[in-house]
Amino acid sequence: SVFRIGNATANVSWETYKKVAASPTVAWSIPLSLGDSYQGYRVLGTNDSYFRHYRYAQKPLSFSKGNPFSDVFDAVLGAEVARKLGHKVGDEIVIAHGLRSIGTSDHDDKPFRVTGILSRTGTPVDRTVHVSLEGIEAIHVDWAGGAQLPGDRVSAEEALEMDLTPRSITAFMVGMKTKIAIFGLQRNINTYRDESLSAIIPGVTLQELWDTMDTAESALMVISIMVVLVGLMGMLTMIMAGLNERRREMAILRSVGARPAHILGLFVLEAVLLALLGAILGVALLYAALYAGRPLVEAQYGLYLPIESLTSRDLIILGMVVVAGFVSGLVPSIRAYRYSLADGMAVQT
C-alpha cells in the first residue's frame, strides 16, 4: 500500500475503517484501495484526505496542473504517468481490471477524465493513477469474481444513481493527535477481534529494512577506503619522484643552518597540508554540487537531496585521512633526513 507493489492478502471492511478512523486519538485518516491498473501503472482509489494529509520529505502534495478529483469519474495522474504516457488535463483514460498493461479486461464502458497532474515527488505517487473510492466502486458494480457479469451491464450514468459507498478497502493510513498514542492504537488494531488486521509503523519497518543493508554500506565504505589509499599512494609517489630533484634545495637549507629534523618536518608538513587541502576541497565540492544540483535533480527526478552539516562521524573520517597523509609523508621525510650535505652539494643541475 505504501509502495504500490504486490497484491493485498485481504481487504479491510469499510465499517472497520470508519470505526478506527473515529477513534479519539486519530487526527486524520486516508483510505486506500488498490487492485486495478492503467498501462502498467497502479490505480489507487482514495478520497480528498489523500491530497490534504499525505506527506513526502515533510512536504505536502502539490499540483503542477489542474486540481484534485471532484467527480466520480475524475482522475489525478502522478508526474511519471503523465510524462511517460503524454497525458494532459482533460484527457480520457480507460482503467484496466487487475495488474497488467494490456488486455481485454478493460472498464471501457466507464472512462475517467484527467482533472489534475501532481508535481514530481520521487515517490510511488509519481507512478500512480489516483481516482475516488466511488469511482472504484462504480467500475465494479457489474463485475464479480474478476469478470464482468454477462447480460448485466451497468452504464456510467446508471452507476452514478447507485450507492457507491465502498464495501471494503485495501488499507488505510492514520495520523495521530499525539505520538504517545501510536503504540496504543497499534496494539488495539493488532488484537482487533472482529477482523484480522495488522498495524504497521512505516518508519520502524523501513529502519529494519535499512538494517539489512548494512552489508552493502560496509562494502561501499571499503571501496571509499581503497580510493583514499590510492590517493595517498599517488601523493607519496609524487613526493618521492621529486625528492631527487630537491636534493640541492635540501643541501642549501642544511648549509644555512637547518637541521636534519627541520628537513624532516618540512616534508611531513607538506604531506599533511596536501591531505588537509584535499579534504577541504572535497567537502567544498560536495556542498557546491549539492547546492547547484539539488534544484535540477528534484525537478527532473523528484529526488530530494538534503543539505546537512558534517556529522561527528564525517569529521572523524576526515581526520583519519589527514593522519594517513602524515604517515605517508614520513617515508620521503626519513629519506630526505638521511641525505648528507655533501651528497646534496654534489648533485649536478
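The values are calculated or read from the model by the stated rules, or taken from the named source; none is laboratory data. In this text the structure is predicted, and so the values were computed from the model without any measurement. Here the Cβ positions follow ideal geometry from the backbone for every residue, glycine too, while neighbour counts run over all protein chains shown. In case anyone asks, the SASA skips ligands and DNA or RNA and just uses the protein heavy atoms, side chains included. Shrake-Rupley method; radii C 1.70, N 1.55, O 1.52, S 1.80 Å.
Can you tell me which residues in segment 21-32 are surrounded by 16 or more Cβ atoms within 10 Å (Cβ to Cβ) and modelled with pLDDT of 95 or more?
S29, I30, P31, L32
Considering each residue of segment 190-206, count those that are exposed (fewer than 10 other Cβ atoms within 10 Å of the Cβ), part of a helix (DSSP H, G or I) and more than 18 Å from the chain's Cα centre (by Cα), and give that number.
Residues meeting the conditions: 0.
Before we move on, is Y287 open to solvent by less than 90 Å² (accessible area, probe 1.4 Å), modelled with pLDDT of 80 or more and either closer than 17 Å to A324 by Cα or of a type outside the set (K, R) (or both)?
Yes: the conditions hold for Y287.
Filter the helices (runs of 4 or more DSSP H) completely within segment 1-90 down to those with at least 1 residues that are without any contact (Cβ under 8 Å) to a residue 12 or more places away in the chain.
Result: 14-21, 79-85.
Working carefully through the options R254, R248, find the one that is basic (K, R) and either surrounded by fewer than 17 Cβ atoms within 10 Å (Cβ to Cβ) or at pLDDT 85 or above (or both).
Criteria check complete, one pass: R248.
What are the pairs, 6+ residues apart or on separate chains, where a residue within segment 97-120 that is within 15 Å of S155 (Cβ to Cβ) has its Cβ under 7 Å from a residue that is at pLDDT below 80 and surrounded by 14 or more Cβ atoms within 10 Å (Cβ to Cβ)?
Cβ pairs passing all conditions: none.
Go through (1) in a loop (DSSP other than H, G, I, E, B); (2) within 25 Å of Q58 (Cα to Cα) and name the single condition V129 misses.
The number of the failed condition is (1).
Let me confirm something: among G45, G6, which residue is modelled with pLDDT under 90 and open to solvent by less than 50 Å² (accessible area, probe 1.4 Å)?
G6
I want to confirm something. Restricting to segment 24-53 and keeping residues that are touching a strand residue (DSSP E or B) at 6+ places or on another chain (Cβ under 8 Å) and among the small types (G, A, S), which single residue is farthest from M176 (Cα to Cα)?
Result: S37.
Keeping to segment 163-189, report how many residues are open to solvent by less than 70 Å² (accessible area, probe 1.4 Å) and in a helix (DSSP H, G or I).
6
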